[in-house]
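J.: Attaching a single structure in structure tokens format; questions to follow.
Please treat every number below as a calculation from the coordinates, not as lab data. The structure presented is a predicted model; accordingly, all values stated were derived computationally and were not measured. Note that each Cβ is placed from the backbone with ideal geometry, even for glycine, and that neighbours are counted across all protein chains shown.
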Amino acid sequence: MVMISPSMLSADFGNLRAETEMLNNSQCDWLHIDVMDGVFVPNLTFGFPMMEAVARHARKPLDVHLMIVQPEKFIDRLSDVGAYAVSVHYEACPHLHRVLQSIRAKGMKAGVVLNPATPVSVLEDIIEDVDLVVLMSVNPGYGGQKFIPHTVKKVERLRALLEETGSKALIEVDGGVNRGTGRQLIEAGADVLVAGTAVFGASDPADEIIALKNLA
Ligand code: DX5
Ligand code: ZN
């Protein structure tokens, strides 16, 4: 069954504890935490105080998506917060291998995120060092954007690369995921779906998570 990682970016920040508890009691698998720096992406979100507040109440693994330059600066602190997985952008890391090694050295799952214009083939020489590949299906920076349909082909290509190399990395897709796009992604081979607007914009977020988990 597909895993669901609701994006906290679409949660009500005034009621962060209640939102986190709602997710604890839901069938979601992870909590997706979007960190932006206003440099790598044209927007800001939140930093450590906010992540610590979520972590204090969360009973699900934290799936941290770093949309920042120089992500290596923060790996130790993310480990202190208790992050389960840390994903860094391919486009932000000239020394990607080193960054992934240092995430794993802290006992966290190491993820690589690819922007819509970055081909899956760039992973060929790094795939053994990756636990999670996140394919962006929107340009990172904002929740609530429209899904880029070409992503379905990228998921198929990535699934083929994982099979070819025997990699056990999980395929996560982030951006514009809803019941319609989610179904296509699952068919193409996605393991984890991030959903912000689809979950928090629903009249019953916990029900929407069940619907997304049962698409296939
Ligand atoms: C976009 C973020 C996403 C976003 C997803 O930059 O990485 O995680 O919050 O939100 P929706 O599901 O609304 O596209
Ligand atoms: Zn994200």
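J.: Between Arg59 and Asn115, take the C-beta separation as r, use R0 = 22 Å, and let me know the FRET efficiency to the nearest 0.05.
T.: The pair Arg59/Asn115 has a calculated efficiency of 0.10.
J.: Highest GNM mean-square fluctuation, the chain, Cα pairs closer than 10 Å: which of Met22, Met36, Met136?
T.: Highest fluctuation of the listed residues: Met22.
J.: Taking trypsin sites (Lys or Arg not before Pro) as exposed when DSSP calls them loop (any state but H, G, I, E, B) and at most 12 other Cβ atoms lie within 10 Å, what is the longest stretch of the chain free of them, the sites themselves excluded?
T.: The longest uninterrupted stretch comes out as 60-145.
J.: Related question: Label-point separation (nm) for Phe13 and Glu163, each offset 7 Å from Cα along Cα-to-Cβ?
T.: Each label point lies 7 Å from its Cα, and together they span 4.3 nm.
J.: Could you work out [θ]222 nm for the chain from helices alone, using -39500 (n - 2.57) per DSSP H run of at least four and dividing by all its residues? Round to the nearest 500 deg cm²/dmol.
T.: Value at 222 nm, helices only: -10000 deg cm²/dmol.
J.: When N counts the residues of the range 24-141, how does its alpha-carbon radius of gyration compare numerically with 2.2 N^0.38 Å, as a ratio?
T.: Dividing the Cα radius of gyration by 2.2 N^0.38 Å gives 1.01.
J.: Leaving out same-chain residues fewer than 8 places away, which lysines sit with a Cα under 26 Å from that of Lys109?
T.: Candidates past the 8-residue exclusion: Lys60, Lys73, Lys153, Lys154, Lys168, Lys213.
J.: Can you give the FRET efficiency to the nearest 0.05 for Asp207 and Leu44, using r as the Cβ-Cβ distance and R₀ = 30 Å?
T.: That pair, Asp207 with Leu44, gives E of 0.45.
J.: Taking the alpha-carbon distance from Lys146 and a cut-off under 14 Å, which aspartates and glutamates remain once sequence neighbours fewer than 8 residues away in the same chain are dropped?
T.: Those aspartates and glutamates meeting the cut-off are Asp174.
J.: Could you state the number of Å between the C-alpha centres of the range 71-129 and the range 159-205?
T.: 19
J.: Which whole number of Å³ per residue matches the convex hull of the alpha-carbon atoms in the chain?
T.: Measuring per residue, one finds 108 Å³ for the Cα hull of the chain.
J.: Between Glu187 and Asn25, how high is the FRET efficiency from 1/(1 + (r/R0)^6) when r is the Cβ-Cβ distance and R₀ = 30 Å? Nearest 0.05.
T.: Once the sixth-power term is evaluated, E becomes 0.55.
J.: Let me ask something else. Just grab the label-to-label distance for Val122 and Lys153, each label 7 Å out from Cα along the Cβ direction, in nm (one decimal).
T.: 1.8
J.: Still on this structure, please answer the following. When the dipole is taken about the Cα centre of the chain, and only Lys, Arg (+1) and Asp, Glu (-1) are charged at their Cβ, what size is it in debye, to the nearest 20?
T.: Result for the chain is approximately 80 debye, rounded to the nearest 20.
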